[in-house]
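I have placed the structure first, in the form of structure tokens, so that the comments after it can refer back to it.
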Amino acid sequence: MTDLSKTGAAVGEPVRAGEPPRAFLEVRDLKVHFPTDDGLVKSVDGLSFQLEKGRTLGIVGESGSGKSVTSLAVMGLHRLGSRGKNVQMSGEIWLDGKELVSASPDEVRRMRGRQMAMIFQDPLSAMHPYYTVGNQIVEAYRVHNKVDKKTARRRAVELLDRVGIPEPNKRVDMYPHEFSGGMRQRAMIAMALVNNPELLIADEPTTALDVTVQAQILDLIRDLQKEFGSAVVIITHDLGVVAEIADDILVMYGGRCVERGPVDKIFYEPSHPYTWGLLGSMPRIDRAQTDRLIPVKGQPPSLINVPTGCAFNPRCPYADVPKGGITRTERPELHEVGGGHFTACHLSQEDRTRIWTEEIAPKL
Amino acid sequence: MISYIIRRTIAALVLLLVVTAVTFGIFFILPKLAGQTADQLAQQYIGKNPTPEDIAAVKANLGLDQPVYVQYWDFVKGIVSGATYDLGPTTVRCDAPCFGYSFKDHIEVWPQLTERLPVTLSLAVGAAVLWLIGGIAAGVVSALKPGSFFDRSAMGVALAGVSLPMFFTGQLALLLFSYKLEIFGRTYVPFTENPSQWANTLFLPWCSLALLYSAIYARLTRSGMLETMSEDFIRTARAKGLRERKVVVRHGLRAALTPLVTVFGMDIGLLLGGAVITETVFSLHGIGEYAVQAITANDLPPILGVTLLAAFFVVFMNLVVDLLYATIDPRVRLS
Ligand SMILES: Nc1ncnc2c1ncn2[C@@H]1O[C@H](COP(=O)(O)OP(=O)(O)OP(=O)(O)O)[C@@H](O)[C@H]1O
Ligand code: SF4
Ligand SMILES: [Mg+2]
């Protein structure tokens, strides 16, 4: 294990349980398990990361890797509703010095929407069809601010204007279905920002939008982050999105972190075979048509019968590379391979560097 | 919105015309197609042993020997401006809206309907209030704690409610609470005369009817609520930091109950056309009982009258539902 003092970056080594947090947002050994008829679904199984205000963390991973479950856990949204009492959650989530996993539901509720806010993937279904966009923003504002409707409405118009919605005075009284997809996502962002949250989580904020609108929304999020100085978590399965906007990247696989580090390291010196696969499957304009898109072969792991050892093992092309006596059933723990750069793979440093520079990088 | 209202109203009027035409066709064209002569047809409108004069009078009054469209036109004219029945020695003036004349009972149909409508209306509205409160409350609580003891028992009762016939539950309640314990009266008293007596007599029929309907509404509410509470916008509402109670009421219920408006409109429309079984079981002299009497006596004009009235209520409630829907769901106004 490395010296903790070296990891000043946003993504750092987990501190031991119970210790006071070092970062604005600190997730330690988070586990979110859902009991189902088929067995216990281990959607998130021991995840740790840190994030400072003013920085952006990108969480990437294929469908089902536990990205949304992680973000909903931070927001305290798993325990609500009729299915809420079955969820098994453990670990620690520290936000601004407060631990959320052990906090009472009402304490977390009061932070939700005020200190931490969330943007969802599909703004059409994420907004209530029967209320005007303005009323939905007003509602979000008035939950945490004792102001009259007029003041709240002025605030809604102001935010709609800020997120680039033309004629906000008129639009404020329109319904979500009267907005275009991009406008809806802007309105959603306005709703999330209405209380100046210190943490903003965006779960696939651009997936439902077409490419040009995607870029605009990402620009907007970046600008707003600069302006508000908040911490941003952006979740996506599109590495292109995080390349543009994130400071740090966390790669998830089967409910665990397999690699994390500063964005440059992940793109130019990635160290985990799964990250190599993700990079290889990234569509790029400058890549020849013939050899673009090499998808990661095989199926995502079962979250009920998680493979012993490395969860990526069944799909990993380098599973059989000798690892100096480490057996297949031994689970690789995250360890630092460079400044603030961590990986969970048994490959030796030499093998890793050799495979990356000789086999992977030339093909990208 | 205004144009939407106008369009729906016109559509409702057209629908009403079509419905009356079809009803009329069933009463007057089908028998002709089946080969009945005008004389045979006329005979059905009169009691036993009709004289040739009676038959001739009925034939003339109903225009049975005329083409059906003339007959229909006369009938519509009667509704709008009244009609006069020439019964040989006497003539009867049937004021607008003239819904026909019973040659068997020697009485106009419309006053019979208006006399009975308050009974049916009282029954339907009172029961509706009960079943809406009971059904929706039970459905919501069940949906919020699916699989809980309350959920299981409520759904058990609901299953019993829909499967037990009114003949059974109604008779049982009547026997126990009215005949044996003598808590509830059995003679209908108009609300305007004595409200407490009115409620006292109607209480058992309300409950019996409400048991049946709240069972259906509880199940509808439960499934609607379960579905909406897993919608994305519920998650958004929670993400704002709203209290769970507000999430349920303002965001969940609002969306879950919308489809119920349609069902409710239909149910009320149908009930106003006569709660046949309930009225029979509890001997309430409402529209439904009138229909049963007319059918038993094979007296066609009252049957036609009740049918048209029922059709009117259904079409009318349909219109109400359409308009309500547009105020509830803004997406409807567009199309
Ligand atoms: N309430 C729940 N009960 C049971 N399993 C659940 C529940 N919520 C999520 N899961 C499971 O947890 C796993 C991770 O889900 P999650 O939504 O976090 O994936 P994701 O990484 O966000 O994927 P995507 O890119 O498709 O959004 C999935 O296999 C999912 O089926
Ligand atoms: S630990 Fe082995 S199987 Fe897992 S990613 Fe590394 S090389 Fe592949
Ligand atoms: Mg997701």
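The values are calculated or read from the model by the stated rules, or taken from the named source; none is laboratory data. From a predicted model like this one, the values you see are computed outputs, not experimental measurements. Quick reminder, even Gly has a Cβ in these numbers, built from the backbone with ideal geometry, and neighbours come from all protein chains shown. These area figures cover heavy atoms from the full protein model, side chains too; ligands, DNA and RNA do not enter into them. Shrake-Rupley method; radii C 1.70, N 1.55, O 1.52, S 1.80 Å.
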Axial C-alpha extent at least 18 Å, average Kyte-Doolittle at least 0.0 - helices from chain B (DSSP): B:2-33, B:68-81, B:109-144, B:149-163, B:195-228, B:254-272, B:300-328
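If the only charges are +1 at each Lys and Arg Cβ and -1 at each Asp and Glu Cβ, what is the size of the charge dipole of the protein assembly as shown around the Cα centre, to the nearest 20 debye?
On the way: 70 positive and 70 negative charges, 233 e Å.
Dipole about the Cα centre, nearest 20: 1120 debye.
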Solvent-accessible area buried by pairing B with A, both sides, nearest 100 square angstrom, 1.4 angstrom probe: 2500 Å²
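What is chain A's relative contact order, in percent, from Cα pairs under 8 angstrom and six or more apart in sequence?
Contact order relative to length: 19 percent.
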Accessible area per residue, Å², chain A with all protein chains present, probe 1.4 Å: 43 Å²
Percent accessible area from carbon and sulfur atoms, region B:2-109, protein chains only, probe 1.4 Å: 65 percent
Assigned charges on the beta-carbon of Lys, Arg, Asp, Glu; region B:2-109 dipole about Cα centre (debye): 480 debye
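Given +1 on the Cβ of Lys and Arg, -1 on the Cβ of Asp and Glu, and no further charges, what dipole in debye does region B:110-328 carry about its Cα centre, rounded to the nearest 20?
On the way: 15 positive and 13 negative charges, 231 e Å.
So the dipole magnitude of region B:110-328 works out to roughly 1120 debye.
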With eigenvalues of the C-alpha gyration tensor scaled by 5 and rooted, region B:2-109, Å: 30, 17, 10
Label-point separation in nm, B:Thr327 to B:Val18, each point 7 Å along Cα→Cβ: 2.7 nm
Options A:Tyr131, A:Gly339, A:Gly54, ranked by Cα towards positive dipole end of chain A, top entry (Cβ charges): A:Tyr131
Kirkwood hydrodynamic radius of chain B, Cα pairs, Å: 22.9 Å
Charge dipole (the protein assembly as shown, unit charges on Cβ, about Cα centre) - positive-most of B:Thr278, B:Thr37, A:Gln349: A:Gln349
Of the DSSP H helices in chain A, those whose Cα atoms cover at least 15 Å axially and whose Kyte score averages 0.0 or more: A:181-193, A:211-228
For chain B, Cys with no neighbouring Cys Cβ under 4.7 Å: B:Cys207
Alpha-carbon spread of region A:230-364, three principal axes, descending order, Å: 40, 40, 31
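For region B:110-328, which whole percent of the accessible surface, found with a 1.4 angstrom probe, sits on carbon and sulfur atoms? Present the calculation step by step, with values, prior to reporting the outcome.
Values: 6860 of 9840 Å².
Of the solvent-accessible surface of region B:110-328, carbon and sulfur hold 70 percent.
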Cβ-derived FRET efficiency at R0 30 Å, B:Phe191 paired with B:Arg152, nearest 0.05: 0.15
Leading residue at positive end of dipole, region B:1-135 (Cβ point charges), from B:Thr20, B:Thr9, B:Ser81: B:Thr9
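Using a 10 angstrom Cβ neighbour count of at most 10 plus a DSSP loop assignment to flag exposed GluC sites (Glu not before Pro), which longest range of chain B is free of such sites?
Numbers: sites that count: B:Glu182, B:Glu193.
The longest uninterrupted stretch comes out as B:1-181.
As a test of understanding, state the convex hull volume per residue of the protein assembly as shown from its alpha carbons, in Å³. Can you show the working numbers first?
Values: hull volume 162.8 nm³, N = 699.
Hull volume normalised by residue count: 233 Å³.
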Range in chain A, longest, excluding exposed GluC sites (Glu not before Pro) [loop by DSSP; at most 13 other beta-carbon atoms within 10 Å]: A:1-329
